[in-house]
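Notes follow once the structure below has been shown.
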Amino acid sequence: MQQYSWNQLDNDTIVKSLDYSAFSERSSGIPKQFYPFFRTTHTRYDRDLTLRYKNISYSAKIIWKKPNNTRAVISWNQNLSSLMKFIFPSWASINPHDKDSKLGLVFHKTENEDSYEISFKRDNSEMTFGHIEGINEGHIFANRNLLRLSGIHAPPEAGIWGRQDEGSASIVLSGGYADDIDDWDYILYTGQGGRDPSSGKQIKDQEFTLGNKGLQLNKEYNHLVRVIRGYQVEYGPDEGYRYDGLYYVTGYERVKGKEGFLVCRFHLQKEKEILSPEDTEHPISPSERIEYRGNRLKRNVKYAEQIKEMYNYMCQVCNVFLKTPTKGYGIAEAAHIQAMGKPHEGPDTKANMICLCPNHHAQFDRFSFYIEPETLEIVGLDEFKGRSIKINSKHKVKSKYFEYQKQQYLKSN
Ligand SMILES: [Zn+2]
């Protein structure tokens, strides 16, 4: 088990993923293949080491477990343990049974064989949406590096942590955008891109790509985004960066900014201010309502976006393309055939999705019509009588989901 949580990065560097016991017991067993790295063998008994982080030394020990000296353990002092807990505030929420975590302690060899440089690392390859276990609203991070290590916001400089096929997980408000508004529970946030890196001035139009596209997806899928305020903004902390909780993206547009170029703007509303889905301006379909209050990525944005692209944002029922100001992007929705959530429990897969316009999506979810599983005929809508939908050859849709939705229709009509 242990060896999976240790990894060689290069000849002089290894990383250990910090499990719960590393924090609670201040020690960790060393797998055999890393004995040479720590210059230890069973013939060489306990010895003292120095672990250095940013020019501060912490004492550590390699101990061979008695009675047989068959297992080497590295342990470190209380000060280093406190530092680790400070750097990784979410440590207490690690599952005690997991040997792997996203938190890593990195050891680098030095000239001195009793001394190692250490650093900290976090695996942010997977974006985490919503609340991060163990980090409360109001937590202040001294700098961007600690913010990154916490998993709250990974990019070292960018304001948006987002991907154009998944959504955006977090944004940092650190000033600099002439058009931004911050009223605490309402934020008008300017997207990324088009700025001159040295002067910070807007020199090009912004596009709905990367993190901007990600924030657009947050609006479309009702996913919350974490907001962090930096010391630079009015409502920010005196120093460092503060995690200020979750916000909904309630709208967006691309308009000419104060500097004369098109900028992507996003309207954000603090989660707590929206009391119930009934309070929102735009009602959402029943299948989506179930996840509305949740704060995790429950729907696979990637699949839904792939479906919309596959059908060129055209409704499979009416074939209408509803254009937007962004060329090539239409208003379309990936509709689950067998609805997600209770009581239907349809899966979140492409085999269970079709591409519909918002009107036909709403009608489909309310069982105003169904698609005949064998013939794909549209049944229930007079204006489409006798017509059937077309399925892209790359789209492996499963007829059992159409059958399920049909049964719901028959119960309701
Ligand atoms: Zn339609």
Next on the checklist: Positive end of the dipole of region 1-152, charges at C-beta (+1 Lys, Arg; -1 Asp, Glu), about the Cα centre: which of 14, 134, 59 has its Cα farthest in that direction?
Outcome noted: 59
Item to check | From phi via Karplus (6.51, -1.76, 1.60), per-residue ³J(HN,Hα) for region 117-134 in Hz, x at Gly/Pro | outcome: 7, 10, 8, 10, 8, 9, 7, 10, 5, 9, 6, 9, 9, x, 5, 9, 3, x
Checklist outcome for this item: Within region 350-366, the residues whose backbone N lies under 13 Å from a label point placed 7 Å from the Cα of residue 413 along the Cα-to-Cβ direction are 363-366
Item to check | Estimated 222 nm signal from helices in the chain, with DSSP H stretches of n ≥ 4 weighted -39500 (n - 2.57), rounded to 500 | outcome: -5000 deg cm²/dmol
Checklist entry - Among 221-228, 54-61, 104-111, what's the highest-first ranking by average C-beta atoms within 10 angstrom per residue? => result 221-228, 104-111, 54-61
Checklist entry - Using a basic spin-label model with each label point 7 Å from the Cα along Cα→Cβ, how many nm lie between residue 269 and residue 165? => result 3.2
Item to check | Inter-part distance where region 76-97 and region 205-246 are each reduced to a Cα centre, Å | outcome: 27
Item to check | Distance violations [Cα-Cα > 19 Å] among 323/406; 270/308; 323/350; 219/308 | outcome: 323/406; 270/308; 323/350
Checklist outcome for this item: As a Kirkwood estimate from alpha-carbon pairs, region 140-284 has a hydrodynamic radius in angstrom of 15.4
Checklist outcome for this item: Measuring from its Cα centre, the chain shows a charge dipole (+1 at each Lys and Arg Cβ, -1 at each Asp and Glu Cβ) which, in debye to the nearest 20, is 1240
Checklist entry - Once Rh for region 2-121 is found with the Kirkwood sum over Cα pairs, what is the Stokes-Einstein diffusion coefficient at 4 °C and 1.567 mPa s, in µm²/s? => result 89
Item to check | Cα-based Rg and Dmax for the chain, where Dmax is the largest Cα-Cα distance (Å) | outcome: 26.5, 86
Checklist entry - Using alpha-carbon positions, what is the distance between the centroids of region 106-147 and region 184-203, in Å? => result 27
Checklist outcome for this item: Excluding residues fewer than 8 positions from residue 256 in its own chain, the aspartates and glutamates with Cα under 14 Å of it are 179, 180, 205, 207
Checklist outcome for this item: With the charge dipole of the chain built from beta-carbon charges (+1 for Lys and Arg, -1 for Asp and Glu) about the Cα centre, the Cα from 23, 227, 174 projecting farthest to the positive end belongs to 23
Checklist entry - Which residue, chosen from 412, 352, 386, occupies the Cα position most advanced towards the positive end of the dipole of region 301-412, where the dipole is computed from +1 (Lys, Arg) and -1 (Asp, Glu) charges on Cβ about the Cα centre? => result 352
Next on the checklist: Let me see the P(r) profile for region 301-412: every Cα-Cα distance counted, bins of 10 Å, each bin given as a percent of all pairs.
Outcome noted: 15, 50, 30, 5, 0
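Rule-based calculations on the coordinates, nothing more; no lab input. Everything numeric here is computed off the predicted structure, so don't read it as measured data. Methodologically, a virtual Cβ is constructed for each residue, glycine included, from the backbone with ideal geometry; neighbour enumeration extends over all protein chains shown.
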